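Data block below; observations after.
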Amino acid sequence: MTELRTLSIRVTPLPGESIDSWLEALARRCWMPLPALLSALGLPSAEHTRQLVTGLSRQDLRQLERRLQLPARRLDQAVARADLFGRRAPRCRFCPQCLQETQGRWRLRWWLPWTFACTRHHALLHTTCPACEAPPRRTVPCKVHRHPPAYCLRRTARLPDICGTDLSALSPHILDHDHPLLDVQQQIDALPTTGRTDTGALFARLDHLLTPLTDSARPEDLQRISATTRHVWERALDEAVDPASQFGSWRLRERARTTLTHELLHREYVENEKPMRQIAKDLALPSRIVIRKAKDLGLTVHPGPRPHPFDDDWLREQYVVHLRSSEDIAREVGTDDGPVLRRLSQLGIPRRPVGVHGRRALIEKLDESLPHDIRTAVEATLHGWLRLRRFQIHMAFPSLTTSAAYIGVPPGALTSQFNQLEQSLDAPLFHRARRHSPQRPTGRGAALLRHLDEPHIRDLMQHALGSGSPPMPDREALEAAAVAFNGKNRALPRLPHNTDRPALVGVPQRLVPLLRHLLLADGPEHYAAQIATATGMATNTVYIQLKRLEAAGWLRSRREDPRERARGGRGRTYYTLTPAARHVPLDVVLDEPVELRKRPAPREGGMDTAVESDHEPAGHASAEGHG
């Protein structure tokens, strides 16, 4: 196969056009894919478009000019220098009106990070395609000959295989003709960016022009552009001064050179003892640049917190005799543990094991006069006092769930701690709760609770736990825990024989409808058939619950006198609330509080009265009972 020397069809590069745009127009004119054209011209294959803009060598450009019979060094004006971008990958912007006028030809200056406006059409450049929301010309397009110019050729995973948005038809971000952004862009466009222009001089001129804009334009200037245009401008400006770019990195180094003087660093770091990170933050500079500059100026920069003056005898006593940790000592003197550890090493004091094995709680010994179980539970453990305190609180509650809710830890974690406590003492400390049976301590556990109530042991526990010691529950918390422990299947408590108000009452859920009727229905006495009719409960269920309430002291019963039964037959059994039941708060039985009226006087014969309320009375039923 013979080597291709020239092309029969040629396209002349436009003034200011980038080489990727010219090669795309040439491939479209020759009706061939762009990668095939690059291979035919002997150019290296490229995946990203920026490789054509900044990655072609001088030899490739000269060979391309000879094959296409272009003037010497004509293509030097179509490529950009790689040292203008640094680590930041170049991104292309565009002006829709320019694309429309040139039939889809892209300018080289649109690749430069500091080009943000089109001075010809007085508009900000677009940064992304509105359809795919990606910067244009990221990758080298393939079948350019099958698509019109100025279309977004970004490949997609759906049909059609490209975005296909007409970028020349987008609405421009118009600026006023006298807007200061256009004036700055016009001065930037006049700067030479090709050939052998000194990069330092170019960046210095750019910094002089962009600094007023990076410090934010004047409010009256920003008010003259729309919200969308302002967003486009701010995004373009951020990319222009990005520290990852060559220009942004140069600006940081130049600002550090002119700002970080020996006098400033000596005053802030040495005299005011301000950390290097804080100095860098105040000056909006990377800390690595500030540290490097301080070292170049002869300042001693400490790798961590600066050394702290210590009283050596006091430090040795606190660490060796009192077994305090380096973190505790550093917190007291107002520094980090690094200077403490370094000073201990300088004094020849051996460090305790790193981690929990070096904690004071694992090393210290308690007085032998203390009870054996207390010493066994605390010594050589990290949280012995905390487990004892939680055990003391736990035994005040009826179950593990209620105590865990009060302490604020998961029940599983609390179980693990109590298992560890019982394992260390080699004895069970309490009997676990069962249905209707709260937990209770064993003999060993009761003895431990008595020891924990002794004043000197309470003082030791408070000193060890400090503010982290959880308080013992009050009466309200215990009453709420008892109700929560009983739940809807709670056992029916027995009521006292006197009229004193019960301290704590739990009513099973299945007894609530019956008690609601007894408390709110009209009349002092009730019988089973009447209750079944009024509540809709099964008669057998009513019989069982009435007997249960009577056995628990909630009701009294009497047999109907034969003289009260006019038509004869088996007499009814009448039930009435006991004085203790009438003193149970209604909000314990009912779903919501009920305002009571004054109770009527007892009827003749000494029977107790029922309760009247503001609710509509249920009335007596005519059905006869068999109880």
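Since every read-out is calculated from the coordinates, none of them should be taken as a lab result. In this text the structure is predicted, and so the values were computed from the model without any measurement. Note: ideal-geometry Cβ built from the backbone for every residue, glycine included; neighbour counts use all protein chains shown.
Table for the structure above
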{"read-out": "Spacing of the two label points (7 Å from each Cα toward its C-beta) at Ala134 and His262, in nm", "value": "5.5 nm"}
{"read-out": "Gain upon complete extension [Arg10, Gln100; 0.36 nm per residue less C-alpha separation]", "value": "30.2 nm"}
{"read-out": "Label-to-label distance, nm, for residues given as Gln187 and His583 (7 Å Cα→Cβ offset)", "value": "9.4 nm"}
{"read-out": "Extension gain from Glu327 to Thr401, taking 0.36 nm per residue of separation minus the Cα-Cα distance", "value": "23.1 nm"}
{"read-out": "Ascending count of other beta-carbon atoms within 10 Å, so fewest first, for Arg390, Arg67", "value": "Arg67, Arg390"}
{"read-out": "Nearest-0.05 FRET efficiency for Leu382 and Arg444, computed from C-beta distance (R0 22 Å)", "value": "0.45"}
{"read-out": "Proxy reagent accessibility, fewest Cβ within 10 Å first, across Asp198, Asp166", "value": "Asp198, Asp166"}
{"read-out": "For Asp336, Asp312, order by how many other beta-carbon atoms lie within 10 Å, fewest first", "value": "Asp312, Asp336"}
{"read-out": "Label-point gap, in nm, between Ser557 and Ala477 - each point 7 angstrom along Cα→Cβ", "value": "4.4 nm"}
